[in-house]
1. Could you identify the single residue in Ala199, Ala176, Ala203 that is at pLDDT below 95 and not in a strand (DSSP E or B)?
2. Testing Met36 on (1) open to solvent by less than 20 Å² (accessible area, probe 1.4 Å); (2) touching a Phe, Trp or Tyr at 6+ places or on another chain (Cβ under 7 Å), one condition comes back false. Which one is that?
3. Touching an Asp or Glu at 6+ places or on another chain (Cβ under 9 Å) and surrounded by 17 or more Cβ atoms within 10 Å (Cβ to Cβ): does that describe Phe120?
4. All but one of (1) touching a strand residue (DSSP E or B) at 6+ places or on another chain (Cβ under 6 Å); (2) over 26 Å from Thr10 (Cα atoms) hold for Ile148, so report the exception by its number.
5. When the residues of the stretch 81-107 are filtered to those that are closer than 18 Å to Ile42 by Cα and without any contact (Cβ under 8 Å) to a residue 40 or more places away in the chain, which remaining residue is surrounded by the fewest Cβ atoms within 10 Å (Cβ to Cβ)?
6. Can we say Gly74 is out of contact with any helix residue (DSSP H, G or I) (no Cβ under 7 Å at 6 or more places or on another chain), without any contact (Cβ under 8 Å) to a residue 40 or more places away in the chain, under 24 Å from Pro34 (Cβ atoms) and not in a strand (DSSP E or B)?
7. Please work out which one of (1) closer than 27 Å to Gly26 by Cβ; (2) assigned to a loop (DSSP other than H, G, I, E, B); (3) over 14 Å from the mean Cα position of the chain (by Cα) is the condition Gly119 fails and give its number.
8. State the number of residues belonging to the stretch 175-192 that are over 21 Å from Asn136 (Cα atoms), open to solvent by less than 60 Å² (accessible area, probe 1.4 Å) and either out of contact with any strand residue (DSSP E or B) (no Cβ under 9 Å at 6 or more places or on another chain) or of a type in the set (Lys, Arg) (or both).
Amino acid sequence: MAFKLDPKETALVLIEYQNEFTTEGGKLHEAVKPCMDATNMIENSSSLMNDLRGKGCLVLHVPIKFGKGFSEVGARQGILLGIQNDELFADGTSAVDFHPKMKPAEADIVIQGKLGLCGFFSTNLDFILRQKGIKNVVLGGFLTNCCIESTMRTAYEHGYSVYTLKDCCAATSVEAHEKAFEHNFGMFSTISTADEMKAALTA
């Protein structure tokens, strides 16, 4: 699919490239590793991040982390309750550190306040995007059918042009990843790849 984007109007939004997911020893790593390997997401994401950064795109990192006791979590069911019960993404631990290949550069912005699924809901993401004059939001990260999907839907409803990167995302199964892109993502985004995105943006 051929398309062109203006780097000055484009942001690469990287969701939760943190050790809890990305690195051996992370509590969720074994669950996502098969899909990470299938999509080669870390290599693709790192290469794309460096390429788009060099072309003048805004690069945003959206981590998640919780304080001692997980007092921010009030969920009584579902994934957030699981995060609390399993003490995932605990602030002050290496679990919330960025993967070595996905560390923010000085010019990047780290979005603050993500405590749930959507990258917009409890954060300053929309404020930053609008302050920077961004029209195009490019998404990669974890989990395909959870935080990526939630953020994609909200970005679409906020009026951004949304691009989702099939080879820069991962879920807890390859099937879940594939089904999300097959059935849902095309309604709210242009489905793309790292190489297509590189070709769409020129400095």
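1. On the way: Ala199 fails: at pLDDT below 95; Ala176 fails: at pLDDT below 95.
None of the other options fit; the residue is Ala203.
2. Unmet for Met36, out of (1) open to solvent by less than 20 Å² (accessible area, probe 1.4 Å); (2) touching a Phe, Trp or Tyr at 6+ places or on another chain (Cβ under 7 Å): (2).
3. Working: touching an Asp or Glu at 6+ places or on another chain (Cβ under 9 Å): yes; surrounded by 17 or more Cβ atoms within 10 Å (Cβ to Cβ): yes.
Against the criterion (touching an Asp or Glu at 6+ places or on another chain (Cβ under 9 Å) and surrounded by 17 or more Cβ atoms within 10 Å (Cβ to Cβ)), Phe120 qualifies.
4. (2)
5. Pro100
6. Numbers: out of contact with any helix residue (DSSP H, G or I) (no Cβ under 7 Å at 6 or more places or on another chain): yes; without any contact (Cβ under 8 Å) to a residue 40 or more places away in the chain: yes; under 24 Å from Pro34 (Cβ atoms): no; not in a strand (DSSP E or B): yes.
No; evaluated as a whole, the condition is false for this residue.
7. Just one mismatch for Gly119, condition (3).
8. Within the stretch 175-192, residues that are over 21 Å from Asn136 (Cα atoms), open to solvent by less than 60 Å² (accessible area, probe 1.4 Å) and either out of contact with any strand residue (DSSP E or B) (no Cβ under 9 Å at 6 or more places or on another chain) or of a type in the set (Lys, Arg) (or both) number 1.
The values are calculated or read from the model by the stated rules, or taken from the named source; none is laboratory data. Every value quoted in this text rests on a predicted model; they were computed, and no experiment measured them. Don't worry about glycine lacking a Cβ; one is built from the backbone with ideal geometry, like all the others, and counts go over all protein chains shown. Note: areas computed on protein heavy atoms with side chains; ligands, DNA, RNA excluded. Shrake-Rupley method; radii C 1.70, N 1.55, O 1.52, S 1.80 Å.
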